[in-house]
1. Take every Cα-Cα distance within region 176-220, group them into 10 Å bins from 0 onward, and report for each bin the whole-number percent of pairs it holds.
2. For each of His151, His171, count neighbouring Cβ atoms within 10 Å of the residue's Cβ, then give the residues from fewest to most.
3. As an exercise, take the mean of 1/r over every pair of distinct alpha carbons in region 131-173, invert it, and state the Kirkwood radius in angstroms.
4. Ranking Phe265, Phe109 by Cβ neighbours within 10 Å, fewest first, what do you get?
5. What list do you get for Asp183, Asp217 if you sort them by fewest beta carbons within 10 Å?
Amino acid sequence: MASRRNQCPFIHIVPCPAFLGIALGLAGCQLAFGEYKVGNGSGGSAGTAPAGGAKSSGGATSLGGTRSVGGTTSSGGANSTGGSGPIACNGTPPFRCQNGVLQACTGGFWTTKQTCASPGLCQPTTGVCDVCADGQLNCNGAVLGVCNATHSAFTTTTCVSPSYCDATISHCVVCDVGQSQCDGDYLDKCNSQRTAFNLQAVSCIGYGCQVVDGKADYCILCFATDPPQCASNGGSAFLRTCISGQWTSKTCPNGCSIGPPAACF
């Protein structure tokens, strides 16, 4: 028979009254206060993490409180659900127009390259804004600008004066409406398009043409020595008097006497 000293003695554990008291006290506190927990707990729900929305990786921990590990994170960005940002592109085409804004595909996203003066000047095929449109004209003082064939610039011409620059035609005008110039015994007058003087428009034969400045020339219709004349038009009587080679008329309310000398009644 084996020696008694080699056998494991049976240990009888008697609960300590003091320990039992503490355990019962804590249990009572839990029943009284409800939310009290011993220890750190095991965390809470991992939460729901939608694309581009709020993501929570923690829950309720610690003694009687709520602890959230992490916060609001967003996985959105360009082309993501719930976010806004640059629009993705693949380089085909390399350029595009958006309401007059020329955009280039750079780094996989559309970026603004240039803002055109108007939507019609945006050219995605060339990747540049046109400076002007086909047939576009402008005047900058006496300088007339005509849009060139490539729409990249204005071809300019300097007119005699700002009044000779007309943004409705592609060249400087030659004269203003109503202008006239002497041509021998004839008076040439500016045509309606202002592109030239109509040659020999009015005959000055008999008195000649009075040169002023090549713009306001006029035919001499009379001389200062010519006596006044009576004239009528539509039943009204006029007295014509020669002033500076031109007949000027004065209305005669009660009629005109042919004289001599002619005079209003």
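Bear in mind these aren't lab numbers, they're just calculated from the coordinates by the rules spelled out. All values derive from a computational prediction rather than experimental measurement. All Cβ positions, even for glycine, are placed from backbone atoms using ideal geometry, and neighbour counts span all protein chains on display.
1. Pair shares across the bins are 38, 52, 10, 0.
2. His171, His151
3. The answer is 10.0 Å.
4. Listing Phe265, Phe109 from fewest to most nearby Cβ atoms yields Phe265, Phe109.
5. By the 10 Å Cβ count, ascending, the order reads Asp183, Asp217.
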